[in-house]
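Read through the structure below, which is laid out as structure tokens, and then see the notes.
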Amino acid sequence: MATNSNPRPEAPANGGAPFLQIKRIVKKFDDVFAVDEVTLDIQQGEIFALLGSSGCGKSTLLRMLAGFETPTSGQILLAGQDIVTLAPYERPINMMFQSYALFPHLTVWDNIAFGLRRDGLPKPEIEARVAQMLDLVQLKAYAKRKPHQLSGGQQQRVALARSLAKRPKLLLLDEPLGALDAKLRERTQLELVGIIEQVGVTCVMVTHDQEEAMTMATRIGVMSEGKILQIGRPDEIYETPNCRFVADFIGSVNLFKGNVEEDEPDHVVIASPECKHYINHGITGTAGMAVHVAVRPEKMSIRQTQPLDGERESLAEVGFNMAQGVIQDLAYLGSLTTYHVKLDNGTVVKVTHTNAARHAAIRLTWGDRVYVWWCGGDVVVLTR
Amino acid sequence: MSIRDKVTGSWGRSAVIGVPMVFLLAVFLLPFLIVFKISVSEMDVVLFKDVLTWTDDVVTVSVKLGNYIALAQDSLYIQTYLSSLQFAAMTTAICLLIAYPFAYFMARSPADKRPALLMLVMLPFWTSFLLRVYAWKMLLADSGVFNNMAMALGLISEPIKMMNTPFSLVLGMVYTYVPFMILPLYANLVKMDLRLLEAALDLGATPWQAFWRITVPLSKSGIIAGSMLVFIPCVGEFVIPELLGGPQTLMIGRVLWDEFFSNNDWPMAATVAVVMVLLIIVPLALFNKHQAETAGGGRA
């Protein structure tokens, strides 16, 4: 899922102060906390994605960075300078708006030049910069068009060019590709990352689309109810979620509710109604504690016959991490098939199987009785 | 045959368009043609001679252009037209200056307060326009409310002459027509995408620059619609100049009335009317053509 191959700074590399520091930011609308004490450090050159469903406060946080909302309390430091008191037009920050907010009465050229003109740059300088931007987004031929004469993808590029023209210190992207259709979005994601990297601008984006966040961002902050639940690289967020919300929000997950039965330094055993789980690493918990075992659908195996002991990850797992059930539903998606298996105790789990061979020897179908098993190293034990 | 063809091809569609068309033909175009016919007719004591006559198998077309020539040569008429246009333009400009901030304020106020504000704009329409203009007469007269009050307060010793001046005329017209400017402006401004203003601020425009660079250009169609709604009736306005205007305030509407009812020179009156309509229609047609050409240019 994470196709991010960008060699970009990830963790604080230089040990210096982060480029953008958000310190205990709070935004209250009437009595509701839209953003609730968010603290966040972003390094120079990063593409940071705030990911969450609508109403989680991510847009409010972005609007506070742009200056359209005033924080109730807290600090925002950009390169060491507190910007909270600055008006939007005084901040060295530009934003690419959701559905772009291009000025309909101005041509592409004038849209891009708008910010440069406000800075009172000399004419030749403006012309040179606009030309450079048009080059960057490959829209030279469209300079004289009005926004409504452009396709969605072209409008998106104009919006990007407009927000980059002033060479902002920080670029904000609000649902950058939300207005594009799925096919175009996929291509544009990488194109957009390419341009941002070429310019080298630090970037904070807001999205509800996890695939978009994972493709584009170096780090992701998952938000819910005004708080950031987890910050990490896309693979960290996916493989080691720190709570049920994150595990469930990013991708899909099977959650088994159970209690810790054996708590050893090198392994734990968790009993859930579906099966017993053997996990080959220790957890920070105590025996008897209620936990959730999270297993991603693609990390499960499915077959009609019981797996041989030798096929398991280790002999210690024999008798664990396995359940039997009946295929209740299946969705053939071409590259993979998703099975909904109703386990014997009534729980339905999702299992995905990659269709590597064109004609599988045994094709599973509705009503088949199957074994579902997985490896204890691939699960995450969630305590909250 | 697609559904669309069925819909566009049906007689029901023609009927729906046809009804207002017939109405417009009957009450606007036909009377206008009659007026036009009168304007090129010769007076024959009390009746007009027919433009088209059929006697002894000879069709005689007698078009009298004398009135048009007279109109073009008489400086009084020309001056009256110019002065009408001038008063109308002044009224339109003042209406715009008053209406724009008002409409802007209405459009930016909380959505639940807008209906009440809109009601305030329309409230005056509940009283007859004639009565409201009469009321201004009482207020502005030499011994009217304003003068009496100012004198009682000792601000002035002599009454200021306000009635029957260009001031009272323009005041009356502005008062009457300002809602017609507010409503289209409001309808336009309330639809505006406020994110465009945020985008302008984000790109470094001060709120004042954002207003002039974004809001005003995008409300162009509202400004034009409102200006038309004020300017056109103002040019031909009769009641307000009659009640509030003085001898210096030449308005074509009063000349028209005089020609019809004092001079009983219907052909001349008709000529004045036809020229007035042309004076308004020609720029309007040009404007519409321009609008059609740039249609979609600004989806304000």
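General remarks:
- Peptide-level mean, for B:205-214, of C-beta atoms on other protein chains within 10 Å: 3
- Computed per residue of chain B from DSSP H runs no shorter than four, each worth -39500 (n - 2.57), the mean residue ellipticity at 222 nm is -20500 deg cm²/dmol.
- Choice from B:V145, B:V61, B:V51 with maximal GNM fluctuation in chain B (Cα, 10 Å cutoff): B:V61
- Region A:252-347: chymotrypsin sites (Phe, Trp or Tyr not before Pro) in DSSP coil with no more than 11 other Cβ atoms inside 10 Å: none
- Taking amide H atoms as placed 1.01 Å from N in the peptide plane, the amide H of A:M95 lies under 5 Å from those of A:L172, each 5 or more residues away in sequence or on another chain.
- Gyration tensor verdict on region A:311-368 (Cα atoms; rounded if a/c is under 1.5, prolate if a/b is larger than b/c, oblate otherwise): oblate
- Net lengthening on full extension, B:F32/B:W266 (0.36 nm per residue, minus Cα-Cα): 82.9 nm
- Cα gyration tensor, region B:64-209 - rounded (a/c under 1.5), prolate or oblate: oblate
- The calculated FRET efficiency for the pair B:V216 and B:A93, based on their C-beta separation and a Förster distance of 22 Å, comes to about 0.90.
- Amide H contacts of A:R233 (H built 1.01 Å from N, in plane; Pro and chain starts excluded): A:I220 sit under 5 Å, all sequence-distant by 5 or more or on other chains.
- Look at where the Cα atoms of region A:216-290 and of region B:110-161 average out, and the two centres are 74 Å apart.
- Ranked packing of A:204-210, A:138-144, most packed first, by mean Cβ within 10 Å: A:204-210, A:138-144
- Karplus-derived 3J(HN,Hα) values for region A:288-303, using 6.51 cos²θ - 1.76 cosθ + 1.60 with θ = phi - 60°, are x, 5, 7, 9, 10, 9, 9, 10, 6, x, 7, 8, 9, 10, 9, 6 Hz; glycine and proline are entered as x.
- Taking chain A as a Gaussian network of alpha-carbon nodes connected by springs under 10 Å, the highest mean-square fluctuation of the residues A:N321, A:N280, A:N345 belongs to A:N345.
- Phi-based couplings in Hz for region B:202-219 (Karplus 6.51, -1.76, 1.60; Gly and Pro marked x): 4, 8, x, 7, 6, x, 5, 5, 4, 4, 6, 8, 10, 4, 5, x, 6, 9
- Rh by Kirkwood over Cα pairs, then Stokes-Einstein D for region A:30-247 at 0.692 mPa s and 37 °C, µm²/s: 183 µm²/s
- Inter-chain Cβ neighbour count for A:104-112, averaged per residue, equals 3 (cutoff 10 Å, partner chain atoms only).
- B:I69 versus A:N345: modelled label distance in nm, points set 7 Å from Cα along the beta carbon direction: 11.0 nm
- For B:L130, B:L229, B:L185, order by how many other beta-carbon atoms lie within 10 Å, fewest first: B:L130, B:L229, B:L185
- The label-point distance for A:F33 and A:A17, in a model that sets each label 7 Å from Cα toward Cβ, rounds to 2.7 nm.
- For the residues of B:190-202, the average number of beta carbons from a partner chain within 10 Å of their own beta carbon is 6.
- Cα gyration tensor category, rounded, prolate or oblate, for chain B with a/c compared to 1.5: oblate
- Within region A:254-360, the trypsin sites (Lys or Arg not before Pro) that combine a DSSP coil assignment with at most 16 other C-beta atoms in a 10 angstrom radius are A:R358.
- Volume of the convex hull of chain A (Cα atoms only), normalised per residue: 181 Å³.
- Over region A:252-382, the pair-distance histogram of Cα-Cα distances with 10 Å bins from zero comes to 13, 44, 32, 10, 1 percent, rounded to whole numbers.
- Shown is the FRET efficiency for B:F146 and A:S73, computed with R0 = 56 Å from the Cβ-Cβ distance and rounded to the nearest 0.05: 0.55.
- The label point for B:A116 and the one for A:E225, both projected 7 Å from the Cα toward the Cβ, are 3.6 nm apart.
- Among B:M163, B:M138, B:M276: highest mean-square fluctuation, GNM of chain B, C-alpha pairs under 10 Å: B:M138
- Estimated 222 nm signal from helices in chain A, with DSSP H stretches of n ≥ 4 weighted -39500 (n - 2.57), rounded to 500: -6500 deg cm²/dmol
- At R0 = 41 Å, FRET efficiency that the Cβ-Cβ distance of A:Q81 and A:A143 yields, to 0.05: 0.70
- Taking a quarter of the surface of the Cα convex hull of the protein assembly as shown gives a mean projected area of 51.0 nm².
- Fully extending the segment from A:S53 to A:A357, taken as 0.36 nm per residue of separation minus the present Cα-Cα distance, adds 105.8 nm.
Every number here is computed from the coordinates shown, using simple stated rules; none is lab data. Keep in mind that this is a model prediction, so the values were computed, not measured. In this analysis, Cβ positions are derived from the backbone assuming ideal geometry, glycine residues included, and neighbour counts consider all displayed protein chains.
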